[in-house]
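Data first, discussion second: the structure below is written as structure tokens.
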Amino acid sequence: MSFPWAEQYTPKNPVMVWIDEKLPLPRLAYNAVGAGYPVPRNLNYFWNFGVLAGLALMIQIITGVVLAMHYGANDLVAFSTVEQTMRDVNAGWLMRYAHANGASFFFIVVYLHIFRGLYFGSYKAPREMVWLLGLVIFLLMMATAFMGYVLPWGQMSYWGAKVITGLFGAIPVVGEPIQTWLLGGFAPGNASLNRFFSLHFLLPFVIAGVIILHIWALHIPGSSNPTGVEVKGPQDTVPFHPYYTAKDGFGAGIFLIAFCTLLFFAPNFLGHPDNYIEANPLSTPAHIVPEWYFWPFYAILRAFTVDFFFVPAKLLGVLAMFASILLLFFLPWLDTSPVRSGKYRPTFNKFFWILILDVLILGYCGGAPAEEPFVMISQVASAYYFAHFLIILPLISRFEKPLPLPGSITEAVLAKYGKTDGATVAVPAE
Amino acid sequence: MVRIGAFLVGLFFAGWLLVSFLMGAVAYVSEPPQPTVEHEFHELPKHVSFSFDGPLGGYDKQQLQRGFQVYKEVCSACHSLKFVAFRDLEALGYNEAEVKAIAKQWAIKAPAVDPATGEASTREPMPADYFPKPFANNVAAAAANNNAIPPDLSLMTKARHHGSAYVYSLLTGYQAQPAALLKEFPDSKTPEGLHYNPYFANLNLAMAPPLTAEGQVTYSDGTKPTVDQMAKDVSAFLTWTAEPKLENRRRAGLATIIFLLIATGLAYMSYQNIWAEKKKAA
């Protein structure tokens, strides 16, 4: 894998030599995330978020396994076992708040990771498979997060489960049987809670497996970089360890500071108060909203208010919501520009920032009640979302005239530090 | 092929969304949405300050004890506190013997089984017991309260936006319906048996004003039991019942953040150190 100049694993300790002969696992780790993986030397801080997403997954798995030891997946006791964990389990409150906020931070870093991929064209050849596997991880995360939110069995858990499984009910003819099959009943109940718990425990390990494939696929072409120019020789790369392990260590510190600030000082800031009310099938909350990381998609779902001939508006909303994510799978073939990095694509750049603003507006509308003017705003914003990916992007990549690219990664780095002639005079960094 | 298909799908979704937008906009202009009475008259909670405000604030144990007294003498007649046990009261500064006495003297007895006959009976609560519920079940609760079930209060301050201030505002917010409201919305007169309160989501609340007169409880620490003071104290108490580990959490948080700042500073320095050569011009 990767480049011919990659450092080779040469164990010196006899124990490590012995292990390497029998099972070359240390060698695998060395080549994957150690000194054996050459990485472009010019990565910026946006390249930290992959490692941070891995860290967030580990936090979720560790806190989640502990929480599962104290949780009762039964609709009669689920809510009170969560409360007992908060009150009577040693550091139970810490595990619970870390898990709830950890989910949010997992999405924050993954959204920034996706943002990086979109802006710097990381999805383009030869890294299409990395992008596709990343989207599979994203879908699995959404399913896991949704089912996890049901487990505390609060009002939003219950009604969220009802609304989301109701989406399948919008499919003609087979919809309602599918919804009943998913829930194990006609409404969310003990059967739903049990299967959601089972799947919520399983899926993170599936995510971990797909992450291995994601990294494997990444190591075949090697990491992308902010210029989008491919690596041309050893001068363009540095070994992952110690260079990027050190940088990721600093990134992890910043991540943990932000995470712990919310976890310890505002643990309910991102949650909804209604989820501290036990699930009650007889009382519908005034506004049913999912967690913040689903808001943009929820806005697209609710933006369809008019039937299209025989297709009901609700079904259109469901199709559009799924389409809004599935279209990302086609991105490598929709954006045909040979230039990867948005830095060198003036037209793409403008539309890209409109898209980011658009998604933020969708997010705001998705969290707001389904009233005017939010519905009208989400209609325009959703229209732009689809137009951007499906119409504008293919056209831009056809007609845009990109800016001149640097000749190599090293040339770009040297230009940044103020020297291009390769002279030996040392100039202080920055 | 992919791009032609994408173009058509994009055109359909974007086009139909714009059609929906136009139809919505026409409806919005021709029939602007009518303001509702809740929109016009619902008020956000009042500003009120507590010892636990701010990132490092903690509970005032004296205040929590006073608030507990208000709960005991007023609220507990109708509202349960099912996630709180008598033993938890030690966090309010009571010692073991005092907690034992509080449990023993509690007005509502704990459910039990008569060891001789096996029939349902009651016994005096013990420190290990959770606060006994005032009603045997929801049917009994609804029957005794004009068909409204008094909610459990354990998590009330976390189950509402601006919880502590909300409880305080609700308790001190009862008033006569404003004349302007009746003029603008003549159909919205508070129904018989309900009580007008602008801090409640739908403005009319089944609970009668619980704190009505100064001196309704007698504080042993000499604090003047005004309605405002009692409301504030019980809001503080209910903040503790909802978040009993608040002080542990903030203390642990402070230590964690200090540790992380130092660790991140060191991580930054080693990052700079390792990269020093690479960040120079060659």
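Every number in this text was worked out from the coordinates using simple rules, so none of it is lab data. Source: prediction; values computed, not measured. Cβ atoms come from the backbone with ideal geometry, glycine included; neighbour counts cover every protein chain shown.
A simple count of charges around A:Leu316, restricted to other residues whose Cβ falls under 12 Å of its Cβ and scoring Lys, Arg +1 and Asp, Glu -1, yields +1.
Estimated at 0.36 nm per residue, the fully extended path between A:Asn44 and A:Phe205 surpasses their Cα-Cα distance by 55.0 nm. From least to most packed, judged by other beta carbons within 10 angstrom and beginning with the fewest, A:Val413, B:Val2 follow the order B:Val2, A:Val413.
In a reduced charge model with +1 at each Lys and Arg Cβ and -1 at each Asp and Glu Cβ, segment A:295-403 shows a dipole moment near 500 debye about its Cα centre.
Backbone geometry of segment A:127-134 corresponds, through the Karplus equation with coefficients 6.51, -1.76 and 1.60 at θ = phi - 60°, to 3J(HN,Hα) couplings of 10, 4, 5, 4, 4, 4, 5, x Hz, x marking Gly and Pro. Using a 10 angstrom cutoff on alpha carbons, build the Gaussian network for chain A and name the most mobile of A:Ile361, A:Ile257, A:Ile114. Of A:Ile361, A:Ile257, A:Ile114, the Gaussian network model singles out A:Ile257 as fluctuating most. Amide H contacts for A:Lys232 (H built 1.01 Å from N in the peptide plane; partners 5 or more residues away or on another chain; cut-off under 5 Å): A:Ile409.
Annotation for segment B:101-202: GluC sites (Glu not before Pro) lying in DSSP loop with at most 12 further Cβ atoms inside 10 Å of their Cβ are B:Glu119, B:Glu192. With the helix formula -39500 (n - 2.57) applied to DSSP H stretches of n ≥ 4, the protein assembly as shown reaches a computed 222 nm mean residue ellipticity of -17500 deg cm²/dmol. Excluding same-chain residues fewer than 8 positions from A:Lys247, which lysines have a Cα within less than 25 Å of its Cα? Once the sequence-local lysines are set aside, what remains near A:Lys247 is A:Lys232, A:Lys343, A:Lys416, A:Lys419, B:Lys278, B:Lys279, B:Lys280. Which shape class applies to chain B: rounded if a/c is under 1.5, otherwise prolate when a/b exceeds b/c and oblate if not, where a ≥ b ≥ c are the square roots of the Cα gyration tensor eigenvalues? Oblate is the answer for chain B, as a/c is 1.5 or above yet b/c matches or exceeds a/b.
Evaluating 6.51 cos²θ - 1.76 cosθ + 1.60 at θ = phi - 60° for every residue in segment B:161-167, the Karplus couplings come out as 4, 6, x, 5, 5, 5, 4 Hz, glycine and proline recorded as x. If you take all other residues with their beta carbon under 13 Å from the beta carbon of B:Phe68, and give Lys and Arg +1 and Asp and Glu -1, the sum is -4. Shielding value for A:252-258 is 5, the average number of Cβ atoms from other chains within 10 Å of each residue's Cβ.
Taking every residue in A:368-378 and counting other chain Cβ atoms within 10 Å of its Cβ, the average works out to 2. Taking other residues whose beta carbon is less than 11 angstrom from the beta carbon of A:Leu94, and scoring Lys, Arg as +1 and Asp, Glu as -1, yields +3. Across B:Pro32, B:Pro198, B:Pro186, mean-square fluctuation computed from a Gaussian network of chain B (C-alpha pairs under 10 Å connected) peaks at B:Pro32. Of the GluC sites (Glu not before Pro) in segment B:1-99, the ones in a loop by DSSP (not H, G, I, E or B) with at most 16 other beta carbons within 10 Å are B:Glu43.
Taking label points 7 Å from Cα along the Cα-to-Cβ direction, A:Trp5 and A:Glu371 give a separation of 6.3 nm. Less than 5 angstrom separates the built amide H of A:Val39 from those of A:Val238, A:Phe240, all sequence-distant by 5 or more or on a different chain.
Peptides B:6-15, A:32-41, ordered by how many other C-beta atoms sit within 10 Å of their residues on average, highest first, read A:32-41, B:6-15.
Counting only other chains, and only Cβ atoms inside 10 Å, what mean value do you get across the residues of B:244-256? Across B:244-256, the average partner-chain Cβ count within 10 Å equals 4. Once both labels are positioned 7 Å from their Cα atoms along Cα-to-Cβ, the gap between B:Asp221 and B:Glu43 label points is 2.8 nm.
Here the spin labels are modelled as points 7 Å beyond Cα on the Cα-Cβ line, and at A:Phe399 and A:Ser283 they lie 5.7 nm apart. Under a 5 Å amide H cut-off, with hydrogens placed 1.01 Å from N, B:Lys158 pairs with nothing among residues at least 5 apart or on other chains. Shown here for segment A:165-222: chymotrypsin sites (Phe, Trp or Tyr not before Pro) in loop regions (DSSP other than H, G, I, E, B) with at most 13 other Cβ atoms within 10 Å, namely A:Phe186.
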